[in-house]
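First up is the structure itself, then whatever we jot down about it.
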Amino acid sequence: MILLLLACNDYELTPSNDVGHGERDTAACDALEALDYSVQKNQDCVNEPSVGTFDPVIEWQWNENTLNPGYDDIMAAPAVGHVTDDDWDGDVDEDDVPDIVFTTFSGGAYTSAGTLQAISGDGSGTHFSISSIGGHGFYASSGVAIGDLESDGIPEICVSGTTAAVVCISLYNGIPALKFASGTELYGYGCPSIADMDGDGLAEVIFGRQIFDYQGNLVGLGEYGSGRSMSFAVDTDGDHQLELVTGNAIYERDGATSWTDGGYDGIPAVADFDLDGIPEHVRSGDGYVTVTWLDGSQSWRTQIPGGGSGGPPTVADFDGDGLPEVGVAALSYYTVYDTNGEVLWSNPVSDYSSSVTGSAVFDFEADGDAEVVYTDEHTLWIFEGLTGEVLMAQEGHASGTLYEYPLIADVDGDGSTEIVVASNNYAYSGWNGITVIGDANSSWAPARPVWNQFAYHITNIENDNGVPVEQTPNWLTWNSFRAGGSELGPSHWLPDLVVGEPELCYDECFYDRMIVQVAVENRGLGGVQDIELHVGDVVQTMSLKAGDATWSAPVTVNAEAWGEELIIVVNPEDLLGDCQPQDNRRSLGPWPCE
């Protein structure tokens, strides 16, 4: 990690003989110098999980469109994010109630134009329902992507359009306005994704093999495949620039081919299967699941049981062995493949409509064991990740099925996770619209308030819709794809906050004061947000991911404020369950300028 600090007398705690004489050496105290700073994680920083209950109940349902009557069937994965300023503080951020955004169809016309909806995640009402914007319509079975394209605090929503490949809207005070409509490779079931590919603070929008900048200009077009690929962007080669990952190729931002195997253009994901720090390409489709190294050679390829093309791959540690597995639904089975491609378990399901539905994974009870959430034509299933044991088979759901799958997010901000299910009456009788399911005791482990796109992988989006300027590789942290969780890690992971070495600027002694900076490290497995650092009486707040370190802001202290000794402490009340709280405190001793 590259950190910036004041270039003072490095870790020199005894002043030189000429301190206090002559003019202040501004270069010594003010020049910025880049230092390498790395932190070794303590793998033992875990707590015994506080196991919750597993008692799913329906919290609320949305099944009637009062703004566009009849448009209340859903056959695409929705998205969860913040699109309205619910607390009226002038910002759309994670302090607001999360929202659920989705496309709808009416009367069985799921291949035609539909509406774009936004409803509050607590079930309190509909924010908007629109059938077009700026003369551009939305496909009724399009996926949705949410993100702040320009880092200006104004959220954008992107969907597949009927007159352009992708249509993006901006929400000014919750009111939709056309951002852009671009692209010639249309696909009615397409799923846009959002990422800052070149790290300039301005996000790109991806649709199939097409790459658009934040204004809708086509900046890259891949050679292989088509606009149909459910693509996304990650840093596959470690150059701190993101690449476009499609079903059979990887492209640079300008469309140049980085890798292709010429195989079937399926639905992609990425994960590190051999734990070497380099991701492998995963795809499903054409009846197979395939894992490929980035040199184009296959790691493994296996036929999907029960027939059908195969839905989007979900990658997670299903069995708790520390390695990623792949879950794929198809015509008549949901199957989990072990890290080496062997079948771990396979359960009968029913998806004769499309055989391309997806799933999500989450550890609801915070017991270290993952659960799988999946919906077919008739049933909402929850399977135990290790064995496939049926934990719930909720009837009532119905769908003619396409690429939809349940989402896992804290959609009402109550600290307990919910499951978001999209349904329709197109082919079968049952639920339509949105159903939100939670735990009767609100004991499910916390999850994020966002699930912003079809190709969701935790590190691709911030909680406030912000698009990371430098996306943390998911395979180095969670090593999952389409799996839920907190951005800070599992609930039993603990932080280990350490007050490191100080930086003192002795030239300030001439003015009877001292400038102090101190390094703060997180050597644990769990991240922290908005923790307090006390430098004497001065309080700062900071956030640290696991394995990260940062420097405090400079603090100017005089002799009176320093007192007998200056104490620096991070997380003073140990509100976070620190792994080793004894190293949260450091004394700088007596006033150093005498």
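At-a-glance table
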{"item": "Carbon and sulfur %, accessible surface of the chain computed with the full protein complex present, 1.4 Å", "result": "46"}
{"item": "Rg/Rg_ref, segment 208-257, where Rg_ref = 2.2 N^0.38 Å and atoms are Cα", "result": "1.03"}
{"item": "Probe 1.4 Å - accessible area at Leu476, Å² to nearest ten", "result": "100"}
{"item": "Local electrostatic count at Glu280 - Lys and Arg +1, Asp and Glu -1, tallied over other residues with Cβ under 9 Å", "result": "-2"}
{"item": "Accessible area (Å², 1.4 Å probe, nearest 10) - Phe454", "result": "10"}
{"item": "Per residue solvent-accessible surface (Å²) - the chain, probe of 1.4 Å", "result": "37"}
{"item": "Given charges at beta-carbon only (K, R positive; D, E negative), |dipole| of the chain in Debye", "result": "2480"}
{"item": "Overall dimensions of segment 221-357 as given by Cα atoms, namely Rg and Dmax in Å", "result": "14.6, 43"}
{"item": "Accessible area, probe 1.4 Å, largest first, for residues Glu564, Glu573", "result": "Glu564, Glu573"}
{"item": "Accessible-area order (highest first, 1.4 angstrom probe) of the listed residues Arg513, Arg209", "result": "Arg513, Arg209"}
{"item": "Largest-first ordering by accessible area, 1.4 Å probe, given options Val57, Val270", "result": "Val57, Val270"}
{"item": "Binned Cα-Cα distances of the chain, short to long, each 10 Å bin given as a whole percent", "result": "4, 17, 26, 24, 15, 8, 5, 1, 0"}
{"item": "Net charge contributed by nearby residues that have their C-beta within less than 11 Å of Thr401 (K/R +1, D/E -1)", "result": "-4"}
{"item": "Principal axes of segment 439-544: Cα extent on each, largest first, Å", "result": "60, 34, 22"}
{"item": "Descending principal axes extents, segment 165-271, alpha-carbon based, whole Å", "result": "45, 31, 23"}
{"item": "Of Val97, Gly81, Ile133, farthest towards positive along the dipole that unit charges on Lys, Arg, Asp, Glu beta carbons give segment 71-152", "result": "Ile133"}
{"item": "Reduced Cα scattering model of segment 409-493, Debye log10 I(q)/I(0), q = 0.11 Å⁻¹", "result": "-0.37"}
{"item": "Label point at Ser112 placed 7 Å out along Cα→Cβ; residues across segment 73-97 whose backbone nitrogen lies under 18 Å", "result": "73-76"}
{"item": "Residue (of Ala269, Ser297, Pro348) at the positive-pole extreme of segment 237-350, dipole from beta-carbon charges", "result": "Pro348"}
{"item": "Scattering curve values for segment 121-200, log₁₀ I(q)/I(0), Debye with Cα scatterers, q = 0.19, 0.24 Å⁻¹", "result": "-0.84, -1.22"}
{"item": "The chain: relative contact order in percent, alpha carbon pairs under 8 Å with at least 6 residues between", "result": "15"}
{"item": "Top positive-direction residue, dipole computed over segment 415-528 with Cβ charges, set Tyr506, Val518, Asn465", "result": "Asn465"}
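The values are calculated or read from the model by the stated rules, or taken from the named source; none is laboratory data. All of these numbers come straight from a predicted model, not from anything done at the bench. Heads up, the Cβs are rebuilt from the backbone with ideal geometry, glycines too, and the neighbour counts pull from every protein chain shown. For accessibility, only protein heavy atoms count, side chains too; no ligands or nucleic acids. Shrake-Rupley method; radii C 1.70, N 1.55, O 1.52, S 1.80 Å.
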